[in-house]
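The values are calculated or read from the model by the stated rules, or taken from the named source; none is laboratory data. Note that the structure is predicted; figures quoted are calculated from it, not measured. Every residue, glycine as well, gets a Cβ built from its backbone with ideal geometry; the counts of neighbours run over all protein chains shown. Ligands, DNA and RNA are stripped out before the accessible areas are found, and what is left, the full protein with its side chains, is counted by its heavy atoms. Shrake-Rupley method; radii C 1.70, N 1.55, O 1.52, S 1.80 Å.
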Amino acid sequence: MPPISDPPPPIPAGIVHWHGQVTGSWWAMVPGRQGPRLVEAVSAVALAVAVDWHLRRATW
């Protein structure tokens, strides 16, 4: 993933996301053409970037 230069857009309403207390990772379920995808990131900002990336590339 490229470096984060600008603040990412917020995670859209309807995207389930959480912080795993045991794993220490941030997680989200992102919808896609072939079903939902579980996305993991090291921070809330990185998760917002990853969710945005997956949503932009989803082929509906």
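Just a few scattered comments:
- Hits in region 24-45 - residues which are open to solvent by 50 Å² or more (accessible area, probe 1.4 Å), assigned to a loop (DSSP other than H, G, I, E, B), modelled with pLDDT under 95 and not basic (Lys, Arg): 31, 34, 36
- Checking residue 12 against (1) in contact with a Leu (Cβ under 8 Å, 6 or more places away or on another chain); (2) in a strand (DSSP E or B), the condition it does not meet: (2)
- Long-range neighbours under 6 Å by Cβ, at least six apart or interchain, first residue free of Cβ contacts under 8 Å to residues at least 60 places away in the same chain within region 27-46, second part of a strand (DSSP E or B) and of a type in the set (S, T, N, Q): none
- Scanning region 31-60 for residues that are closer than 17 Å to residue 14 by Cβ and in contact with a strand residue (DSSP E or B) (Cβ under 7 Å, 6 or more places away or on another chain) yields a count of 9.
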